[in-house]
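S.K.: Sharing a structure with you now.
Quick note: the coordinates plus some simple rules give every number you see, no bench work behind them. If you're wondering where the values come from, they're calculated on a predicted model, not measured in any experiment. Glycine gets a Cβ as well: all are built from the backbone with ideal geometry, and neighbour counts include every protein chain shown.
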Amino acid sequence: MGRFLHISVAIVLGFVTLTGAANAQSDPPGRIGRLAYINGPVSFHDEDQTQWAPAIVNRPLSTGDSLWTEPNARSEVSISGTRVRMDGATELDMLAIDDSQVRMQVPQGRLDIKAAAMDRPYEIVTPRGTVALQQPGDYYILAGSTQDPTLLGVRSGAAQITSLNGQTLAVRAGEVGEVSGDSDAPVLRTVQGAPPPMQPYWADRDRQISYDQSQYVPVTVTGYEDLDAYGVWSNQGDYGQIWTPRFVPVGWEPYRNGHWVYMQPWGWTWVDEQPWGFAPFHYGRWVNVHRRWSWVPPAREAQPVYAPALVSFIGGGGAGLLLASRQPSVGWFPLGPREVYVPPYTANRDYFRNVNRASVRDQALIDARYQWAQEHRDAERPPPADPRFTHVNQRFATVVPQQAFQQSRPMERAVIKVAPDKLAAAPIAPVAAPPVVTRNAEPSARAQDGKPLENRANVMPSDGPVAHTAFANMETIGKPAGDAMRPAPGPRVVKRADATPGAKPETGPAKANEAPPLSPRTGAAPPPPLPGANEAKGAPVPAEHPALVKPEESKTRPQPPKLPAGDSKAAPDTRPAGPKPPLATERTEPPKAPAVENKAVPSLKPPPLENKAVPSPQPPTRPPESRPADARPAAQPERPAAAQRPAPAPEPPHPAATAQQPPHPAAAPPRPAPEPPRAAAPPPPRPAPAPAAQAPRPAPPPQQAHAPEPPRQAPPPPAPKPQAAPAPKEEKK
């Protein structure tokens, strides 16, 4: 008998243990992400949606959600003190966000992550491997593409990247890790260069929003970073430190300026439209002091647990709120300090305690409220006459038509005015979920004239799907059918079952079927690491940059194309081209004299005057010397030297010289004699008669005085050329 009792006790204990474990696994996580900032078109979809919809600030992010930023857009995600910033053309998938881990996936684009606190692993899956952040710090991740490698930069902290085949690369502060190649043969290395800084357009937000640890709110409260920028703290008696927003619309009340969305596994979730409207609506309580609303944060010593909306709904027992118009309506109000929140999505008593422990210190009150909800799940009864069951904010309830509630319309535009005393007398739903209206239900509220509603046959029943809460089994408004949101741009939506076929892999390196496929480059190539602390290593730094910059990108650089403008032999000549501009005379001579004369007589360079008469019979026969004549206008920038040389060989006197050539038809050299002056300024002495070459030499001195105006001094050159006429007469003699 005793053995039988031991076996029975063991079975019961085992059953209780398994039941508790099953409830713990089915309970939603206590931590969640938040879309904190949007600039430009940003799209969103959850794991049930098949198309993208416009993203909304303060949208809670959980496992299965995805975000997409259009090119030239950006967004920021906040997760319990961790900031994740998305650049344009970036996709971010939430693979897992719970109390034990944060696992994200970036199929394409760039992330900048800064973690102020990290009490659980953070992993980011890329197309070439998985990044693990090992301590709080500042990081950036480039997903890479078919043309670009995957990069992990560590500005501060420490991380490692594991490739798809299991190779691991540790990256320390001031380093950049790179993974290139495909999944079969990846190449891991450390790039010698400092990680690039945050994009400059984030500077304004950094000046406004700080992720530094708050003095009054735990870092694990998602959205705490906005409180100091948008409100003030003050000490209020028994409530301790409370937070009051600086600027709110006239007549503002908590849980009124925003809308409701249905999110698994919590159900109906509040999304506030204020930029700071996340932490005060998913943690803590609200109190109205001196006709002004203030937020009481959760206790710092307790672990905060996320809730979809810390409110109570009016109605219950299968009968929602009805007004004189006989139109189904929904009403709710914010919970006050030390008031118990009754989650509708779980019946786990431990979770029930944990979600209230940070704001309700009376454990007996928490248990009493839990017991009351269990006993009154099927029948509507007012709470016992105990002051602990009263709600200080019930008379501030917001009431809207049920259709507006279901369609996620802005609540402030659909508010129905109801007298505060009527709201204070309305029954409270057993759990925090919107009750539905049925034909057979008894009236749960009175009309504005104070009389009960009659003629129930004329009451409009609830329109839309009806569900039952996991706790108390109350009929509630179910998830709307279909997607009411308008479509938004984004990449093709891939269901997780298609992206990760099979069972979840064991701990260790990511498998090939886990990683997203590589996408082609959609914009400019990523910038290479900056030469920073590792610059002393010298040689590796320039060697790394070509590996990160593709040939297409190098075309945009002005310097590289200028160097290879000529042949490889001419490349060294282009380098000294920088100092040549001040030496205009030297630049004209090397290309003309050596190009023609160096082939025949290399010694002609030092004596440019006398030795040129020797090759004069050979070059004159070459017609290309007329090309330098065309080069004379190119010599205009070289005014100081070019002005002297064109004077002896102006084009108008050349016809006269050609008239002198007929008497010398027998001699071929005299014809080339006038051509050398056209070829270049120094060639005028090249004609066979030496005096003719000397005659133009005295002419340049007067032209030097008029060097600044070479075109206007074309007429003075013919004056000295009549002196050249007696020179040919002497030849006739």
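S.K.: Express in whole angstrom the spacing between the alpha-carbon centres of the stretch 27-78 and the stretch 95-174.
M.R.: First find each Cα centre; the distance between them is then 19 Å.
S.K.: If you place +1 on the Cβ of every Lys and Arg and -1 on the Cβ of every Asp and Glu, how big does the dipole about the Cα centre of the stretch 219-274 come out, in debye to the nearest 20?
M.R.: Rounded to the nearest 20 debye, it is 100 debye.
S.K.: Please give the contour-minus-distance gain from Glu273 to Val232: 0.36 nm per residue of separation, less the Cα-Cα distance, rounded to one decimal in nm.
M.R.: Taking Glu273 through Val232 to full extension adds about 12.8 nm, to one decimal.
S.K.: Using r as the Cβ-Cβ distance of Arg486 and Gln147, and R0 as 22 Å, what FRET efficiency do you calculate, to the nearest 0.05?
M.R.: 0.05
S.K.: Please rank Thr82, Thr168, Thr190, fewest neighbouring Cβ atoms within 10 Å first, as an exposure proxy.
M.R.: Ascending Cβ contact count within 10 Å gives the list Thr168, Thr190, Thr82.
S.K.: Say R0 is 25 Å: what FRET efficiency, to the nearest 0.05, do Gln101 and Asn39 get from their beta-carbon distance?
M.R.: 0.30
S.K.: What net charge is computed for the residues neighbouring Gly181, neighbours being all others with C-beta under 14 Å from the C-beta of Gly181, Lys and Arg scored +1, Asp and Glu -1?
M.R.: -2
S.K.: Let me ask something additional. Arrange Lys417, Lys479, Lys114 by Cβ neighbour counts within 10 Å, fewest through most, would you?
M.R.: Ordered by Cβ neighbours within 10 Å, fewest first: Lys417, Lys479, Lys114.
S.K.: Given 0.36 nm per residue, what is the gain on full extension from Gln135 to Gln264 after removing their alpha carbon distance, in nm?
M.R.: 43.4 nm
S.K.: For each of Phe247, Phe405, count neighbouring Cβ atoms within 10 Å of the residue's Cβ, then give the residues from fewest to most.
M.R.: Final ranking by Cβ density, sparse to dense: Phe247, Phe405.
S.K.: Follow-up. At a Förster distance of 30 Å, what's the computed FRET efficiency of Gln208 paired with Asn288, Cβ-Cβ distance as r, to 0.05?
M.R.: Step by step, r from the Cβ atoms, then E = 0.60.
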